[in-house]
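First up is the structure itself, then whatever we jot down about it.
Where a number appears in this text, it was derived from the coordinates with a stated rule and is not lab data. Keep in mind that this is a model prediction, so the values were computed, not measured. As a convention, Cβ positions derive from the backbone with ideal geometry for all residues, glycine included, and neighbour counts pool all protein chains shown.
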Amino acid sequence: MLLYLTHNDQPGGVYWSQVTDVVNHLNSLGSERVRLVALVSARGWWQSRKAIRAHCPDALVLPQWPGVRNWERNVLLLSMLCRWLRPKGVIARGVFATWMGLRLREKGLVGKVCFDGRGAYAAEWEEYRVVDDDVMIAAMRPLESEAVNASDFRIAVSQALVAHWKERYGYSGTAHVVIPCTLGTDASINTAPGQVARRAEKITLVYAGSTAGWQSFGLLEQLLVKVLEAQPDVDVLFLSKEDANNRRLRERFPGRVRIEWLSAAQVPSALSACDFGLLVREDTLTNRVASPTKFAEYLAAGLPVLISPYIGDFSALVEREQLGQIVALDGPIPALQRPSSDERTRMKRFAMEWFTKGAFDAHYRRVIEALA
C-alpha cells in the first residue's frame, strides 16, 4: 500500500480534480493500492470528511494539530497511522506533507517518499505572503530544498518547475516526472462537430476563478479595458463571486460585463457558450512555473486561450500548437474573431489527448514503481 498525503488543503474543485481524482486514477491502474490521508482543520472536520469521502470513499480524513506553527506535530499522528497500515511509501502533496513523509522514512515507518510539487512554494510565500508570518516564510526555502533533494522521487507540474529546482536548489537528478494539472475525471468533452452551447451574439471572453489580488486582476483589468474600448462587439463574463474588482469593471462598461457565480456542474456549459478563455497573470516566479487548472478546462470547453507570455509551460504551448494568443500589455492587442466550429473541436481534442489523467498513465506508473 502507498499513502497519498495532503496537509491543510481545502476540499473543493481543485482538490477533487487534482487529489481525489488522482488517487482514484492511481487505483484504477491495477498495481499498488493508494490510500488518501487528508489532514484538515479541526474546525469543520466532519463536513470536510463527508465531502472528501464522497469523492474518495476509503480516504482517511484526520483533524490536524491546531495552530499554524504546530504543523510538525502531525508526525505523531501519522506515525501511529503508519504503524497500523504499514505503507511502502508516501506521495506527499506540497512541502509540509513531504517534510512529514521524510520524518516517517527516518523512523523506518515508510520506505520511500515522493514529493508532489505543485509550484514554487518558497517563491509564492515570499511574493504573495500566503501567511503573514515572517518566521514561516523564512522556513519555506529550507523546507522546499529538502523536499526537492531528499525525496526518492518527484512530481512537477511543469518543466519550468524542474528548471527552477535545478537553479535554486541544485537538483541534478532524473527521478521525476512532469504531470500538469489535468482535467477532473468527470469532465465531459464532446468533440463532435456542431455540439456547441447556445452563445451570445457578441464575442464573449470568459474569466473563471477568483479575482483576488494574487490572481493579477490589475493586469487583467488593463487588458480588458483596452479590448472593450477597441472592440464594441466584445463582452466579458466573470465566472466569479462579485467583488470590488469585477464590479468596478462592470460599472465602467454597463451591459458588457457580466458576473455570475455558478455551481461546478454549471460551469462547463457556461464556458462552452463563450469564445475565449482568459489566463492573464503578472510576471512572477510563482506564475513562471505554474500549471493553472483553468487552462485545460478552457480547452475542454472548446475555447482558445488568451494567455500572458510567461505562464509555466503553457504560454509556449499556446504559441507552438496555436491554442489561442499570447497577450501582453506592452504589445498590440489582437483583433478578436469568433473561433470556428472546427477550431473549437480542435481545442477539445487537444484537451482530450493532452490533459486527461489517462494521457499520463506511463508517468503515474513510474511514480508507483519508484515507491513500491
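Which ordering of Ser48, Ser340, Ser28 is given by a fewest-first count of other beta-carbon atoms within 10 Å?
Starting with the residue having the fewest Cβ neighbours, the order is Ser340, Ser28, Ser48.
Bin width 10 Å, alpha-carbon pairs only: give the P(r) of the chain as whole percents, running from 0 to the bin holding the largest distance.
Over the chain, the share of Cα pairs per 10 Å bin runs 5, 23, 32, 25, 13, 3, 0 percent.
Could you tell me how many degrees, from 0 to 90 and to the nearest 10, lie between the Cα long axis of helix 341-354 and the main elongation axis, the longest principal axis, of the Cα atoms of the chain?
The helix 341-354 is inclined about 10 degrees to the chain.
Any idea what the relative contact order of the chain is, in percent, if you count C-alpha pairs under 8 Å spaced at least 6 apart?
Relative CO of the chain lands at 17 percent.
So what's the angle, to the nearest 10 degrees on a 0 to 90 scale, between helix 45-55 and the longest Cα principal axis of the chain?
Here the helix axis deviates by roughly 70 degrees.
So what are the ³J(HN,Hα) numbers for the range 269-286, from phi and the Karplus equation (6.51, -1.76, 1.60; θ = phi - 60°), rounded to whole Hz, Gly and Pro as x?
3J(HN,Hα) across the range 269-286, in whole Hz: 5, 5, 4, 5, 8, 9, 10, 9, x, 9, 9, 10, 9, 6, 7, 10, 4, 3.
Starting from 0.36 nm per residue, how many nanometres of slack lie between Arg53 and Met80 once their C-alpha separation is accounted for?
7.6 nm
Compare the Cα positions of Val148, Ser31, Phe350 along the charge dipole of the chain (+1 at Cβ of Lys, Arg; -1 at Cβ of Asp, Glu; about the Cα centre) and return the one farthest towards the positive end.
Value: Ser31.
How high is the FRET efficiency from Lys202 to Trp261, r the C-beta distance, R0 22 Å, rounded to 0.05?
For Lys202 and Trp261, the calculated efficiency is 0.55.
Applying 1/(1 + (r/R0)^6) with R0 = 35 Å to the Cβ-Cβ distance of Arg73 and Ser172, what FRET efficiency is obtained, to the nearest 0.05?
After rounding to 0.05, the efficiency reads 0.55.
Taking only Cα atoms, what is the 0 to 90° angle, nearest 10, from helix 217-230's long axis to the longest principal axis of the chain?
Around 20 degrees separate the two axes.
Could you let me know the centre-to-centre spacing of the range 1-57 and the range 105-128, using Cα atoms, in angstrom?
With the range 1-57 and the range 105-128 each reduced to a Cα centre, they are spaced 17 Å.
Exposure proxy check: Met347, Met352 ranked by fewest other beta carbons within 10 Å?
In increasing order of surrounding Cβ atoms, one gets Met352, Met347.
Compute the relative contact order of the range 203-354 as a whole-number percentage, counting only Cα pairs closer than 8 Å that sit 6 or more residues apart in sequence.
23 percent
Please quote Rg/Rh for the range 203-354 to two decimal places, taking the Kirkwood radius as Rh and restricting both calculations to Cα atoms.
0.92
If you rank Trp84, Trp71 by fewest surrounding Cβ atoms within 10 Å, what's the result?
With the sparsest Cβ surroundings first, the list reads Trp84, Trp71.
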